[in-house]
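Bear in mind these aren't lab numbers, they're just calculated from the coordinates by the rules spelled out. Since the model is a prediction, treat every value here as computed from it, not as a measurement. So basically every Cβ, Gly included, is an ideal-geometry build from the backbone, and we count neighbours across all protein chains shown.
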Amino acid sequence: YPLLLQTRIKILICGPGITVLRRMGLESLFRAHSVPEQGLRLVDGADRSWGYFPANRTGKGRQNFTTDFEIMRGDLCALLVEETKTRGVMYMFGGHAAVNRKKNGVHSLGILAGYFTMPRPIQPGEEYTASVFIGTGGCGVMMRRHEAGRVQVYLLCETDELGKAAREGIWRQRRKGWRRRSAILTGFAETDDFDAERMGVVRVEGWSRGRVVLVGDAAYAPSAQTGMGTSSGMVGAYILAGEIGRSCGQGSNLADNGDLAMALKMYESLHEEVSVILTGDYSGVCPLCSRVVLETGSRCPMDAARGDQGVGTPAV
């Protein structure tokens, strides 16, 4: 599926998204492709552990920063397409139509996010543990492993930091931060899959017009800060499919057009319920790398929080 979005980024499903996954009968297949991350650690500039959050592998209860439902985006896309094709769904790629572009509902959060992968063979005794460094001035870096030969690198900063970096110069910027920065900069210079985007949320007045319907990020992107983007997209698509099936029939009972307008109206009426889903108490990785990162002061919060504690003493 060359036209599917299959970049090597790790995504998670939580809360209502897990419920939908189970109702679709896809949990076992999902787990067969899941990433075996064992936990997440907070580190200071010297790469010393400050706190550790193990993954919840029970499949029950609240998920941690590393969840029991994490998968590479390309694997999830291919999985969903393959499974839904056998259930009568037809996909069309590469089509074009006349489009009247208006407001897209995107609202920037003033945060820049970058992502790339780089070679880093796993060492003897090394675990699949993510590392997060929270730096100064609203910047943060995460490294996490999805396979034995490569790691993923996530970079976050406030947009104001770009101007500051330009004024200070790259060499002064390089002296700041994590001990792993040299390896990260080398990997950044050599990677072929770097991507960057301004974080934002999508809020639009309506989700459908005629026979065109918005689902997922195009309709109600909650931003990566929430860790709920994939889950909200799956829940929204599940609700939409259910309403179409209820109003237009299914299988041999499928009406020519049925009452599609009613199905879309019902989908639209669930705005409040979906909003509750998006703002519910479900934790992902991104709140750690954005809210916490962007609320820090001028000192490295890991070093500041450590204070007079011993190097091996966790602060949490």
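Convert each backbone phi in the range 42-50 into a coupling constant with the Karplus relation 6.51 cos²θ - 1.76 cosθ + 1.60 (shift: θ = phi - 60°), then list the ³J(HN,Hα) values in order as whole Hz, x for Gly and Pro.
Coupling constants for the range 42-50: 8, 10, 9, x, 8, 6, 8, 5, 10 Hz.
For a quick check: sort 93, 188 by the number of other beta carbons within 10 angstrom, fewest at the front.
In increasing order of surrounding Cβ atoms, one gets 93, 188.
In the neighborhood of residue 92, defined by Cβ-to-Cβ distances under 15 Å, what is the net charge if each Lys or Arg adds +1 and each Asp or Glu adds -1?
Neighbour charge sum, excluding residue 92 itself: +2.
Across the range 108-125, in residue order, what do the Karplus-derived ³J(HN,Hα) couplings come to in whole Hz, using 6.51 cos²θ - 1.76 cosθ + 1.60 with θ = phi - 60° and x for Gly and Pro?
Values per residue, Gly and Pro as x: 5, 9, x, 10, 9, 10, x, 8, 7, 10, 8, x, 6, x, 5, 8, x, x Hz.
Going by C-beta contacts inside 10 Å, put 239, 13, 18 in order with the fewest on the left.
Ascending number of Cβ neighbours within 10 Å: 239, 18, 13.
Count charges around residue 267 for me, please; just the other residues with Cβ under 12 Å from its Cβ, Lys/Arg as +1, Asp/Glu as -1. Provide the component values of the computation, followed by the final result.
Values: positive: 246, 265; negative: 243, 268, 273.
Summing Lys and Arg as +1 and Asp and Glu as -1 gives -1.
Tell me which residues come under 5 Å, amide H to amide H, from residue 180 once H is placed; ignore anything under 5 positions away on its chain.
Placed amide hydrogens put nothing under 5 Å from residue 180.
Within 10 Å of each residue's Cβ, count the other Cβ atoms and sort 146, 33 from fewest upward.
Listed from fewest to most nearby Cβ atoms, that is 33, 146.
List the residues whose amide H sits under 5 Å from the amide H of residue 37, counting only those 5 or more places along or on another chain, with H placed 1.01 Å from N in the peptide plane.
Those lying under 5 Å, H to H, from residue 37: there are none.
Please list, in chain and number order, the residues 5+ apart from residue 208 or on another chain whose amide H is under 5 Å from its amide H, with Hs placed from the backbone.
It is 214, by chain and number.
Quick one: net charge of residue 129's neighbours, Cβ under 9 Å, K/R +1, D/E -1?
On the way: positive: 41, 144, 145; negative: 37, 126, 127.
After counting each charged neighbour, the total is 0.
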